[in-house]
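Structure first, commentary second.
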Amino acid sequence: MKEKILQKFGEVFGDTTGARTYFAPGRVNLIGEHTDYNGGHVFPCALTIGTYGVARQRADRKLRFYSMNFEHLGVIESSLDGLKPEKEADWTNYPKGVMWAFEKRGFEIPYGMDLLLFGNIPNGSGLSSSASVEVLTGFILRDMFGFDVTNQDLALIGQYSENNFNGVNCGIMDQFAIAMGKKDHAIFLDTADLSFEYAPIHLEGAKIVIACSNKKRGLGDSKYNERRSECETALAEIQEVVGINSLGDLTEEQFEQYKSAIKDDVRTKRAKHAVYENQRTIKAVAALKANDIAQFGQLMNASHVSLRDDYEVTGIELDTLVEEAWKVDGVIGSRMTGAGFGGCTVSIVKTEAIDGFIEKVGAEYLKKIGYAADFYVVEIGDGPSLI
Ligand code: ADP
Ligand code: MG
């Protein structure tokens, strides 16, 4: 891969003198969905697929960008002066946003750069290619200019830029999972205070399989914001009767005790998901530590049911992928992952059952939905690195 992207960098930007190559992973969340903006726990891991970058410092303040995933756009030029989001800047608004966020934090970026990207995760599918680009850009800036920031800072800067430069109201999970990734470990993160723990993932005789629905993005973003505000309102209503900071502070029993404070049935379902999903995530990590992978799988399945029935963020595509997966022998657990309304599912599948799983679920999906899903058998990898 290194040779391939370096060669392309040379073709696009003249030569490769002084260019360095980098990688930042994508991520998948194993359980704990829509809990990260509710002060709950999440359990994501970094993947060995992600975004590669080649970067070279310039002697002026120019920025030149090229992506092998958006070759038709050619080289997109910009400048470090007056960084602001622009429609014509297309995907380069992600790396530019990170540069802007560094400057907001008081770091002065002295010189521009030539930057080439190549991603081998699908874009816009919920494996967080955007956070991968953000963390990669932050990592490159740190390497190039020696900025004193930790990997956790890179996550916060990435989230800040996506929220405030790109206008996407994401939580901290994606950037954190990518910046802090560790091979063969998932990250048990408490989004209330960013305390976290690495949990080893030993899936004896099984692997993680991601199924990408290939559903075009529709109402996803507006529905995401709607869910966030429903949870905020439900929290405010519960806060009338009990002093909590977030829905993640409640146990299931406490929720049942206080839920009558929520004055609307739909909001009650949304808050129920946030509370129960957080508790499921805590239980799932305990099951994993006890080597009870079957229980982990059951909790993944229950997570999907809750996202389908109470949070209502699945849709026919994700439901088909998961419900067909549940029918296949050798599937330990399966659920939608990411924000929903399209995107991907994550399944834990016994190694000998994987080929049959892909064939069966793929065929049923095509028959019912009318276009194909893509499948990725993935490994858990490290955070960003110089390669
Ligand atoms: P997700 O993060 O789930 O993949 P998003 O819509 O949040 O989906 O982010 C996808 C966007 O991120 C792309 O449309 C593009 O603007 C940017 N992006 C991701 N990967 C690359 C890449 N390899 N090259 C250029 N831009 C990329
Ligand atoms: Mg994204």
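Inspect region 206-217 for any residue being over 23 Å from M336 (Cβ atoms) and either without any contact (Cβ under 8 Å) to a residue 12 or more places away in the chain or in contact with a Pro (Cβ under 8 Å, 6 or more places away or on another chain) (or both) and give the result as yes or no.
no
If the requirement is being within 8 Å of ligand 1 (Cβ to nearest atom) and either touching an Asp or Glu at 6+ places or on another chain (Cβ under 9 Å) or not hydrophobic (A, V, I, L, M, F, W, C) (or both), which of these qualifies: G124, G167?
Exactly one residue qualifies, and that residue is G124.
In this structure, does E134 turn out to be acidic (D, E), within 27 Å of L6 (Cβ to Cβ) and within 16 Å of ligand 2 (Cβ to nearest atom)?
So E134 passes the test.
Does region 37-85 hold any residues that are within 16 Å of ligand 2 (Cβ to nearest atom), surrounded by 24 or more Cβ atoms within 10 Å (Cβ to Cβ) and closer than 30 Å to D310 by Cα, and which are they?
V42, P44, A46, L47
Would you confirm whether any residue within region 153-162 is among the hydroxyl-bearing types (S, T, Y), under 16 Å from the mean Cα position of the chain (by Cα) and over 30 Å from F357 (Cβ atoms)?
Looking through region 153-162, at least one residue is among the hydroxyl-bearing types (S, T, Y), under 16 Å from the mean Cα position of the chain (by Cα) and over 30 Å from F357 (Cβ atoms).
Hey, L127 hits all of (1) within 13 Å of the chain's Cα centre (by Cα); (2) farther than 18 Å from R228 by Cα; (3) modelled with pLDDT of 95 or more but one; which does it fall short on?
L127 satisfies all of (1) within 13 Å of the chain's Cα centre (by Cα); (2) farther than 18 Å from R228 by Cα; (3) modelled with pLDDT of 95 or more except (3).
Would you mind stating whether I210 is among the β-branched types (V, I, T) and touching a Cys at 6+ places or on another chain (Cβ under 7 Å)?
Here the answer is yes, as I210 does meet what is asked.
Go through (1) among the acidic types (D, E); (2) under 30 Å from K87 (Cβ atoms); (3) away from ligand 1 (no atom under 16 Å from the Cβ) for D184 and report which single condition fails.
(2)
Hey, any hits in region 189-210 for a residue that's within 16 Å of ligand 2 (Cβ to nearest atom) and either within 28 Å of G248 (Cβ to Cβ) or modelled with pLDDT under 95 (or both)?
Yes: region 189-210 contains one or more residues that are within 16 Å of ligand 2 (Cβ to nearest atom) and either within 28 Å of G248 (Cβ to Cβ) or modelled with pLDDT under 95 (or both).
Among the residues of region 127-164, count how many are away from ligand 1 (no atom under 11 Å from the Cβ) and on the phi > 0 side of the Ramachandran plot.
Residues that pass the stated criteria total 1.
Against the definition (within 12 Å of ligand 2 (Cβ to nearest atom), surrounded by 24 or more Cβ atoms within 10 Å (Cβ to Cβ) and among the polar types (S, T, N, Q)), how does S129 come out, yes or no?
It is true that S129 is within 12 Å of ligand 2 (Cβ to nearest atom), surrounded by 24 or more Cβ atoms within 10 Å (Cβ to Cβ) and among the polar types (S, T, N, Q).
Scan region 156-168 and tell me whether some residue there is hydroxyl-bearing (S, T, Y) and either away from ligand 2 (no atom under 15 Å from the Cβ) or within 30 Å of V331 (Cα to Cα) (or both).
There is no residue in region 156-168 that is hydroxyl-bearing (S, T, Y) and either away from ligand 2 (no atom under 15 Å from the Cβ) or within 30 Å of V331 (Cα to Cα) (or both).
Please go through region 101-126 and give me each residue that is under 22 Å from D15 (Cα atoms), away from ligand 2 (no atom under 15 Å from the Cβ) and either of a type in the set (A, V, I, L, M) or in contact with a Cys (Cβ under 6 Å, 6 or more places away or on another chain) (or both), ordered by number.
M113, L115, L116
The values are calculated or read from the model by the stated rules, or taken from the named source; none is laboratory data. Keep in mind that what you see is a predicted model, and the values were worked out from it rather than measured. Methodologically, a virtual Cβ is constructed for each residue, glycine included, from the backbone with ideal geometry; neighbour enumeration extends over all protein chains shown.
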